[in-house]
Amino acid sequence: MKNYFTLFFLFIFFGSNAQDIYLHCGKIVDTKNGKVLSDKTIVVSGKTIKGIENGFSEAKTSEDIVIDLKDKTVMPGLIDMHVHIEGETNPGRYLERFTQNPSDVAFKSAEIANRTLMSGFTTVRDLGGSGVNVSLRNAINKGLVPGPRIFTAEKAIGTTGGHADPTNGMRKELMGDPGPADGVINSPEDARKAVRQRYKNGADCIKITATGGVLSVSKNGVNPQFTQEEANEIVRTAKEYGMHVAAHAHGIEGMQRAIKAGVQTIEHGSLMDRETAKLMQQYGTYLVPTLSAGKYVASKADIPGYYPEIIIPKIRMIDAKLKETFTMVSKSDVKIAFGTDAGVFPHGENAKEFKYMVDAGWTPIFSLQSATLTNAKVLDMENELGQLREGFLADIIAVDEDPTVNISTMENVVFVMKEGEIYKK
């Protein structure tokens, strides 16, 4: 019996960590220096990268694992700063809030999380749902279901009738008067309470809808929807609770109010002008372009019944401005964080954003850095994520080709590791 317990002790404390993984990489993307390097071995021990060696190193023990990625390009796991993991676009999406139970949303979101991870995104920021996103984050962290590391805003904060008012489009007897607990505010006091409620509910960050939105069942998609005082109070309170703020914004005035309030990221920025771009540079605000959402929504606008009729004019107006806006932004010094708005289009197709960014004027290596190095910094995880580097978490993916030559190869991730565990091989 004594020998049994001795062996058990040795296995628990040593055996589970004795096995290293050697990844023989034909190419690796050095996101820090913006280069592609050849013939490297990444040694993974436990959840972290133990080291990166020149050439193809041999395993040190018979228990170690060697994985041949000599004909692949390897890079850090991708980070998407704007997803909605609780649901997905479909013609019946606007009815689902009346037909789905929280358990239905939970099962669907678990499948979406797995699909997202399999596409190479090992970390995401969820910018608004019903609260299932908090439970999903916790379940993934506990290893109960596979999925990306989630930073969630829980329920987005809006104003009465605004883009994040959950009762927009309902008949009057169902509208009620949602308040701060529901993420709807109408004063600085409400704003403070809504932020604190998100914190209480388990949010990691705050998302506000600084302007109208394209897909909400309301007429205006660009008008400012918070006073300056309300926006200021949201950011002030969020900082006190250790959270950053992301601001959905299409129109200029709402965008500028959010920037002046001190939000960390502007989501979409569809109608941004040069003055607003300069303001973002002044305040150090990041832009999350979400080009994928704009492309997808415009492609579905011609399908009768796919979206409510009140939405179609907003889609047309925004779509007509996007190319001009992002051609201007790509030539500016605005800081760019990679994000897609997945859920507005099918999850798992997040990597199409890379090609859209390149088409808009950014280089392939810049787009890759935005989804790794930059996003890790935005999440305050620049010492753990975004690079293939000793001591960093072993979030590692591989694709068939060199993405600096063919960016579309990012749409077919063939190997996925998250914290040292292989999910796709």
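Here region 130-149 is the region considered, the condition is being surrounded by fewer than 23 Cβ atoms within 10 Å (Cβ to Cβ) and closer than 23 Å to HIS163 by Cβ, and the residue that is nearest to the chain's Cα centre (by Cα) is VAL134.
Here is the figure for region 404-414: residues that are surrounded by 14 or more Cβ atoms within 10 Å (Cβ to Cβ), closer than 12 Å to MET118 by Cβ and under 20 Å from the mean Cα position of the chain (by Cα) total 1.
Residues of region 173-193 include at least one that is closer than 28 Å to ALA293 by Cα, part of a strand (DSSP E or B) and in contact (Cβ under 8 Å) with a residue 12 or more places away in the chain.
Evaluating MET317 against the criteria (1) over 17 Å from TYR286 (Cα atoms); (2) at pLDDT 95 or above leaves one unmet condition, (2). If the condition is being under 18 Å from GLY120 (Cα atoms), assigned to a helix (DSSP H, G or I), out of contact with any Pro (no Cβ under 6 Å at 6 or more places or on another chain) and open to solvent by less than 30 Å² (accessible area, probe 1.4 Å), then region 369-394 contributes SER370, ALA371, ASN375, ALA376.
With a requirement of 2 or more residues that are of a type in the set (Asp, Glu) and open to solvent by less than 50 Å² (accessible area, probe 1.4 Å), the helices (runs of 4 or more DSSP H) lying completely within region 214-319 that satisfy it span 228-240. The single condition from (1) without any contact (Cβ under 8 Å) to a residue 12 or more places away in the chain; (2) of a type in the set (A, V, I, L, M); (3) open to solvent by 50 Å² or more (accessible area, probe 1.4 Å) that MET170 fails is (3).
Inspect all residues belonging to region 214-221 and state whether any of them is within 18 Å of HIS248 (Cβ to Cβ), touching a strand residue (DSSP E or B) at 6+ places or on another chain (Cβ under 7 Å) and either without any contact (Cβ under 8 Å) to a residue 60 or more places away in the chain or among the polar types (S, T, N, Q) (or both). Taking every residue of region 214-221 in turn, none turns out to be within 18 Å of HIS248 (Cβ to Cβ), touching a strand residue (DSSP E or B) at 6+ places or on another chain (Cβ under 7 Å) and either without any contact (Cβ under 8 Å) to a residue 60 or more places away in the chain or among the polar types (S, T, N, Q) (or both). Would you confirm whether any residue within region 113-122 is open to solvent by 10 Å² or more (accessible area, probe 1.4 Å) and either touching an Asp or Glu at 6+ places or on another chain (Cβ under 7 Å) or over 29 Å from ILE42 (Cβ atoms) (or both)? Scanning region 113-122 turns up no residue that is open to solvent by 10 Å² or more (accessible area, probe 1.4 Å) and either touching an Asp or Glu at 6+ places or on another chain (Cβ under 7 Å) or over 29 Å from ILE42 (Cβ atoms) (or both). Output the residue which, of all residues in region 173-197 that are in contact with a Pro (Cβ under 7 Å, 6 or more places away or on another chain) and of a type in the set (D, E, K, R), is least open to solvent (accessible area, probe 1.4 Å). Here the residue is ASP190.
The values are calculated or read from the model by the stated rules, or taken from the named source; none is laboratory data. Everything numeric here is computed off the predicted structure, so don't read it as measured data. Please note: Cβ atoms are built from the backbone with ideal geometry, for glycine as well, and neighbour counts cover all protein chains shown. Note: areas computed on protein heavy atoms with side chains; ligands, DNA, RNA excluded. Shrake-Rupley method; radii C 1.70, N 1.55, O 1.52, S 1.80 Å.
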